[in-house]
Amino acid sequence: MKLQANAFYTNPRLTILMVGFLIIMGAMAFLSLARQEDPSMTERWARVNTFLPGATASRMESLVSEPIETALREIPEIKEITSTSKAGFSVVGIELYDSVGPESVDTIWSEVRDELGDITPSLPDGVSEPELILNKPLASTLIIALSWQQDTPMELNLLSRVAESLRLKLANIPGTEIAESWGEAEEELLVSVDPYRLANSGISTTQLAANISRADTKLPSGRLRSAGSDMLVEVEAELSTPERIASIPIAVSAAGSTIRVSDVADVRKSRIYPPTSMALHQQQPVILVNAKMQPGLQIATWTSAAQAVIDDYQQNLPGGIGLDVVYNQSEYTGQRMDDLATNLMFALVIVLLVLIWFMGVRSALTVGVALPLSAAMVLLGMQFLNVPLHQMSVTGLIISLGLLIDNAIVVVEDYKLRRRAGTRISLSIEKAVRHLLIPLGASTATTVFAFMPIALAPGGVGDFTGTIGVTVALSVASSFFLAMTVVPSIAGFLENRWPTREGHRWWQAGFSHPKLTQAYRASIMTALRKPVFGIGVACILPLIGFALAPTLTQQFFPPVDRNQFQVQLSLPPHASIF
């Protein structure tokens, strides 16, 4: 069965069904689409940390860094491997090729872990297990500051325990990717040896350290094997208290008595000094709790759940401890959504006013309906392609606002021209659609292809800016589909409901001025008679634009006026954090 070009006009139920479907599904897509501030980036960068206490930088390079680099080069997806070797410390940086997509990156990092596991037995004795740390390009969603608000000296240990409790509560919220804290008090168990008592016991410092290490139950105490099982045996005790370490036996004296750690050393728990990290808020030392939402969720929903947890926790805080939310990404994301809605409303109002002035009320309503319906189709397409609403996709929607009604204007004008020639409504719609199908399809394809390099850009650039091209392509394709189906049908329905009356009124056919019309017609005829002259005049403004292009500032995005920035300082290894 051959589909008629005016099928949507001859079957009004089909038009009503299509419009209702787009409105309902577009609204559902808008409510269910993921919302976040920035696009999700693929994890193409990582580092491998390895420690070997006492080794020089040259030994770390030859015994640790180079073997790890050699093993990792067997993975073909790795683009670049760099290493930095210092005394007792090795860092191997890994960068994957830009062609590695999010669907395969987890498999590649799993292969990297396997290679590290295979190379570990061949590393020197005493070396720590190589630790793979992925550099996840994920922005913070909430940052909470816990401060000491009493006149007494700051109890950082107490603040640290409160912060850890809050961190665990935020980590247990569904949709939390990472919950971490900064500036907390790091504690250590310090064994202060008395050299005189140690010398009297006949034990060296090395023997003392070895005995304490053997008592650490992090190491297995043995292995139990049978026909159907192979299990490690551990002692149920941990070196987590000073008393536990102080009671460790280290030797037997000549008189037969047991010598313990407490006989030759003092054991206490203390804070690591100088601290490895510090957090300041309004020039006061605080502890910051940072929570990051998983990509692909609605940030407003997750933030509401997190805020409820924070409010409940704040009510049960001990006296003298303050809690402030110093950063909330949802505020910025909500502002972008408001900007999108404002732009859509302004675009719709401006388009309707301009169309009413130049085309009349009926034509303005016909063309204006393409704007919300196209937006609904774009949102539906974004949901199908799993594209969240963030600053890049919103930017693409704003860019495409001026392109959504172009096809509709051309179709409506062609339809009106045929109606003025006396062709009946049904035939005018069919001829207009058939006549413009290929030209408008070609212009739509040209626009789509123009934005494809952005949508298909590889690497981090494509991850961040690719959705601009995707949303613009969806917008112009939706506009073309509606211009070939719904828009001319609505034009016919409106004419049936409000037929054109005798006489010319500007709200019926738009503003028209005889002298301007005559001048415009004369310019068109001149350009047709002298094509070279017409092409030359048309090229004047583009040439002026190209000439002035070097004077413009080259910047892809407008400057960000957010009161947030990052400063990185590289200090010498011996420099103190203070």
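The values are calculated or read from the model by the stated rules, or taken from the named source; none is laboratory data. A quick note: this is a predicted structure, and the numbers were derived from the prediction, not measured. Please note: Cβ atoms are built from the backbone with ideal geometry, for glycine as well, and neighbour counts cover all protein chains shown. Only protein heavy atoms, including side chains, enter the accessible area calculation; ligands, DNA and RNA are left aside. Shrake-Rupley method; radii C 1.70, N 1.55, O 1.52, S 1.80 Å.
Results, tabulated for the structure shown:
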| read-out | value |
| --- | --- |
| Selection count, segment 71-106, where residues are part of a helix (DSSP H, G or I) and at pLDDT 90 or above | 2 |
| Selected residue (criterion: surrounded by the most Cβ atoms within 10 Å (Cβ to Cβ)) from residues of segment 423-453 that are β-branched (Val, Ile, Thr) and assigned to a helix (DSSP H, G or I) | 429 |
| Residue 162 among the hydrophobic types (A, V, I, L, M, F, W, C) and either closer than 30 Å to residue 88 by Cβ or assigned to a loop (DSSP other than H, G, I, E, B) (or both) | no |
| Residue 578 being open to solvent by 100 Å² or more (accessible area, probe 1.4 Å) and at pLDDT below 85 | yes |
| Flag for residue 356 being in contact (Cβ under 8 Å) with a residue 60 or more places away in the chain, open to solvent by 30 Å² or more (accessible area, probe 1.4 Å) and in contact with a helix residue (DSSP H, G or I) (Cβ under 7 Å, 6 or more places away or on another chain) | yes |
| From the options 379, 417, residue that is within 20 Å of residue 469 (Cβ to Cβ) and either at pLDDT 80 or above or over 23 Å from the mean Cα position of the chain (by Cα) (or both) | 379 |
| Residue 19 vs. criteria open to solvent by less than 20 Å² (accessible area, probe 1.4 Å) and more than 24 Å from the chain's Cα centre (by Cα) | no |
| Tally of residues being under 31 Å from the mean Cα position of the chain (by Cα), free of Cβ contacts under 8 Å to residues at least 40 places away in the same chain, farther than 30 Å from residue 296 by Cα and open to solvent by less than 40 Å² (accessible area, probe 1.4 Å) across segment 38-89 | 2 |
| Number of positions in segment 403-422 that are open to solvent by less than 50 Å² (accessible area, probe 1.4 Å) and more than 17 Å from residue 494 (Cβ to Cβ) | 2 |
| Odd one out for residue 106 among (1) of a type in the set (Asp, Glu); (2) surrounded by fewer than 16 Cβ atoms within 10 Å (Cβ to Cβ); (3) farther than 30 Å from residue 394 by Cα | (3) |
| Test for residue 288: is it modelled with pLDDT of 85 or more, open to solvent by less than 30 Å² (accessible area, probe 1.4 Å) and among the aliphatic types (A, V, I, L, M) | yes |
| In segment 381-390, the residues that are surrounded by 21 or more Cβ atoms within 10 Å (Cβ to Cβ) and in a helix (DSSP H, G or I) | 382 |
| Filter pass, residue 395 being more than 15 Å from residue 489 (Cα to Cα), in a helix (DSSP H, G or I) and out of contact with any Cys (no Cβ under 9 Å at 6 or more places or on another chain) | yes |
| Condition check for residue 246: of a type in the set (Gly, Ala, Ser), open to solvent by less than 30 Å² (accessible area, probe 1.4 Å), at pLDDT below 75 and more than 30 Å from residue 147 (Cα to Cα) | no |
| Selected residue [within 30 Å of residue 40 (Cβ to Cβ), at pLDDT 85 or above and either assigned to a helix (DSSP H, G or I) or of a type in the set (Phe, Trp, Tyr) (or both)] from 473, 519 | 473 |
| Odd one out for residue 100 among (1) surrounded by 14 or more Cβ atoms within 10 Å (Cβ to Cβ); (2) within 20 Å of residue 39 (Cα to Cα); (3) touching a residue at least 60 places away in the same chain (Cβ under 8 Å) | (3) |
| Residue 113 modelled with pLDDT of 85 or more, within 28 Å of the chain's Cα centre (by Cα) and open to solvent by 70 Å² or more (accessible area, probe 1.4 Å) | yes |
| Whichever residue in segment 131-153 is assigned to a loop (DSSP other than H, G, I, E, B), farther than 14 Å from residue 330 by Cα and in contact with a strand residue (DSSP E or B) (Cβ under 6 Å, 6 or more places away or on another chain) and, among such residues, is most open to solvent (accessible area, probe 1.4 Å) | 149 |
| Residue check, residue 31 within 30 Å of residue 341 (Cα to Cα), of a type outside the set (Gly, Ala, Ser) and free of Cβ contacts under 8 Å to residues at least 24 places away in the same chain | yes |
| Selection within segment 316-326 - open to solvent by 30 Å² or more (accessible area, probe 1.4 Å) and within 31 Å of the chain's Cα centre (by Cα) | 324, 325, 326 |
| Qualifying residue in segment 323-332 (condition: over 30 Å from residue 496 (Cβ atoms), β-branched (Val, Ile, Thr) and without any contact (Cβ under 8 Å) to a residue 60 or more places away in the chain) | no |
| Number of positions in segment 174-210 that are of a type in the set (Ser, Thr, Tyr) and in contact (Cβ under 8 Å) with a residue 40 or more places away in the chain | 4 |
